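J.: Please see the structure below; I have some questions.
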Amino acid sequence: MKPAHQPVLIVDFGSQVTQLIARRVREAGVYCEIHPFDKVEALVDAFQPAAIILSGGPASVLEADSPRIGTKLFELGVPLLAICYGEQLLCDVLGGKVEGGHAGEFGRAEVTIEKASPLFEGLADVGGLETVWMSHGDRVTAIPEGFEVIGTSTGAPFAAIANDARRIYGVQFHPEVIHTVSGARIYRNFLFNIAGLKGDWTMAAFKAESIARIREQVGKGRVICGLSGGVDSSVAAVLIHEAIGDQLTCVYVDTGLMRKGESEQVVSLFKNHYNIPLIHVDAADLFLDALEGVSDPETKRKTIGKLFIDVFDAESAKIEGAEFLAQGTLYPDVVESVSARGGPSAVIKSHHNVGGLPDYMKLKLVEPLRELFKDEVRALGVELGLHPDFVGRHPFPGPGLAIRIPGEITREKVAVLQQADAIYLDEIRKAGLYDKIWQAFAVLLPVKTVGVMGDARTYENVLALRAVTSTDGMTADFFEFPWDVLGKTATRIINEVRGVNRVVYDVTSKPPGTIEWE
């Protein structure tokens, strides 16, 4: 079905930053979707893109098995922007030339603006320099007929090319990464100056359209929502409830691995404030008994996932007439489950249930958020009037504290981590830092150290604190904590949490393409 808005088609050739292209387009208020290169020609007629963007990728067009497309997308007559590998493929397909064996460009570079172009409106004047981010080994050495050079760099004589008549453009650098200083402006120029799009992608419009879609899909049926207390499932539940009211029943499975006080908060908000039918299942003993003696993190995930489905299935069987299951699946989950070049997403996303349910669960999926990125989900939560404590809540993984306790899990370790984690978040909030941090949490390390507390020696656990900044969780950097806040937090934890005698702070960053933060 053709999207209601003017859609941009992003063709994925396996770049680790393809999702960042979508983020830049969405930030400009334009709807877009990412599709793998080998699927686009089959869907393009139904999708009817208003513009097309070709992503970068790790392959070389000179390789026999490199990802490729034919000429169809170039012949549609819609504006097209090709990025990095996309530019090289554009040249290769349309009669230009790409060569290997030249010095590559990786990292920051300077592009000289050679000619005025609608793609570069508002950037440096002709002859001026723009700081960009390069990542290519091969080099374009000849461009197709009808194209001209609008930008060069030391390692790329065709760093930017244009065919204004056909509204087709190519750049060898990555405008989507923050290191390309004017990258956002380049995308806006392409979307609005060149493609003439309206920029009508808003959360108000999405809310209204989603409510209509949910009502059409569900009809008079009953929906069950697995409520975790996180942002995604909370927003999904409130949205669906606004669409179909008491046809929705939420099931909250308390695994015993939640943050301190979180279960009480979830039950209070949804049962008392929103008056949404809610079943609260206290299954802590079941989960903790099953995890006894389990140390491998992936085995923990699978154990928790299987138990969760079993418990959820048992509860849903008690709900008469249940036909649908609501999930808080997000767009990055969807994209990674059908990535263009395969990769580790199946392992990384093993705690998500993207792509279906166990065969024995005879429920149809309702996934109202599957078009959204995490920050868009928060914006939708605001649009729905969801309580700020839930809209701004830091991401919390499905397996809960189980993966924040490396090694064997015990009830004692869970209690220690819950208390320490609560102190950490309390101090962050007191310092007014909570909303400046994407995600903060404590990890109880499988390490003990000798310490001296008062006049006695101790041999207790080491606790690690982690906090990162991000927009959507695809890339992240460590949060630069004020030392006084960090010191106060560590002192409180050591004084108030029995079983911890040392606190460390993790300053690891997350570059694009690495596994997600837990």
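The values are calculated or read from the model by the stated rules, or taken from the named source; none is laboratory data. Keep in mind that what you see is a predicted model, and the values were worked out from it rather than measured. As a convention, Cβ positions derive from the backbone with ideal geometry for all residues, glycine included, and neighbour counts pool all protein chains shown. The protein model used for the area step is the full one, side chains on, heavy atoms only, and it has no ligands, DNA or RNA in it. Shrake-Rupley method; radii C 1.70, N 1.55, O 1.52, S 1.80 Å.
J.: Specify which residue in the list 131, 74, 181 is farthest towards the positive end of the charge dipole of segment 66-185, using unit charges on the beta carbon of Lys, Arg (+1) and Asp, Glu (-1), about the Cα centre.
T.: 74
J.: May I pose another question? Rounded to the nearest 500, what is the chain's calculated 222 nm mean residue ellipticity when only DSSP H runs of at least 4 contribute -39500 (n - 2.57) each, over all residues?
T.: The per-residue figure over the chain is -9000 deg cm²/dmol.
J.: Here's something else I'd like to know. Over the heavy atoms of residue 134, what accessible area does a 1.4 Å probe trace out, to the nearest 10 Å²?
T.: Surface open to solvent at residue 134 totals about 0 Å².
J.: If you don't mind, another one. Residues with amide H under 5 Å of residue 502's amide H, sequence separation 5 or more or different chain, H placed in the peptide plane at 1.01 Å from N; which?
T.: Amide H neighbours of residue 502: 463.
J.: Could you check the simple spin-label distance between residue 198 and residue 27, using points 7 Å along Cα→Cβ, in nm with one decimal?
T.: Modelled inter-label distance: 2.4 nm.
J.: Ignoring ligands, DNA and RNA, what percent of the accessible area of the chain is carbon or sulfur (1.4 Å)? Provide the component values of the computation, followed by the final result.
T.: Details: 11240 of 21850 Å².
Answer for the chain: carbon and sulfur cover 51 percent of the accessible area.
J.: Please compute the length gained on full extension between residue 97 and residue 116, using 0.36 nm multiplied by the number of residues separating them and subtracting their Cα-Cα distance.
T.: Difference between extended and current length: 4.4 nm.
J.: Would you mind checking which residues have amide H under 5 Å from residue 151's amide H? H placed 1.01 Å from N; only 5 or more apart, or other chain.
T.: Those qualifying (amide H under 5 Å, at least 5 residues apart or on another chain) are 114, 159, 160.
J.: Let me ask something additional. Counting DSSP beta bridges with both partners in segment 29-136, what percentage is antiparallel, nearest 5? Before the final figure, lay out the partial values.
T.: Details: 8 of 11 bridges.
Close to 75 percent.
J.: If you don't mind, another one. Once label points are set 7 Å from the Cα along Cα→Cβ at both residue 205 and residue 411, what is their separation, rounded to one decimal in nm?
T.: Those two pseudo-labels are separated by 5.4 nm.
J.: Could you tell me which trypsin sites (Lys or Arg not before Pro) in segment 212-320 are loop residues by DSSP with no more than 10 other beta carbons within 10 angstrom of their beta carbon?
T.: The qualifying sites are 220, 318.
J.: Given charges of +1 on the Cβ of Lys and Arg and -1 on the Cβ of Asp and Glu, with all other atoms neutral, how large is the dipole of segment 1-144 about its Cα centre, in debye to the nearest 20?
T.: Dipole size: approximately 320 debye.
J.: Rolling a 1.4 Å sphere over the protein heavy atoms, what is the accessible area per residue of segment 131-263, to the nearest Å²? Mind showing how you got there, number by number?
T.: Numbers: 4520 Å² over 133 residues.
Per residue, segment 131-263 has 34 Å² of solvent-accessible surface.
J.: Give the cross-link partners of residue 306 among the lysines, using a straight C-alpha distance below 22 Å as the criterion and excluding same-chain residues fewer than 8 apart.
T.: Correct list for residue 306: 318, 349, 362, 364.
J.: Hey, another quick one. Of the DSSP beta bridges with both residues in the chain, give the percent that are antiparallel, rounding to the nearest 5.
T.: Working: 37 of 76 bridges.
Here the antiparallel bridges make up roughly 50 percent for the chain.
J.: I've got another one for you. Please get the size of the charge dipole for segment 130-231, origin at its Cα centre, with Cβ charges of +1 on Lys and Arg and -1 on Asp and Glu, quoted in debye to the nearest 20.
T.: Taking the Cα centre of segment 130-231 as origin, the dipole is about 700 debye.
J.: Extending each Cα 7 Å along its Cβ direction at residue 314 and residue 71, get the distance between those two points in nm, one decimal.
T.: Computed distance between label sites residue 314 and residue 71 equals 6.3 nm.
J.: Sorted by mean Cβ packing within 10 Å, highest first, what order do the peptides 165-176, 39-50 take? Walk me through the numbers on the way to the answer.
T.: Values: 165-176: 24.5, 39-50: 15.5.
Final packing ranking: 165-176, 39-50.
J.: Let me ask something else. So if each residue of separation counts as 0.36 nm, and I subtract the Cα-Cα distance between residue 498 and residue 184, what length gain in nm does that give? List each step's numbers first, then the result.
T.: Numbers: separation 314, 0.36 × 314 = 113.04 nm, distance 4.96 nm.
Gain on extension, residue 498 to residue 184, equals 108.1 nm.
J.: About the Cα centre of segment 74-165, what is the dipole size in debye to 20, counting +1 per Lys and Arg Cβ and -1 per Asp and Glu Cβ, all else neutral?
T.: Working: 4 positive and 14 negative charges, 39 e Å.
Approximately 180 debye in magnitude.
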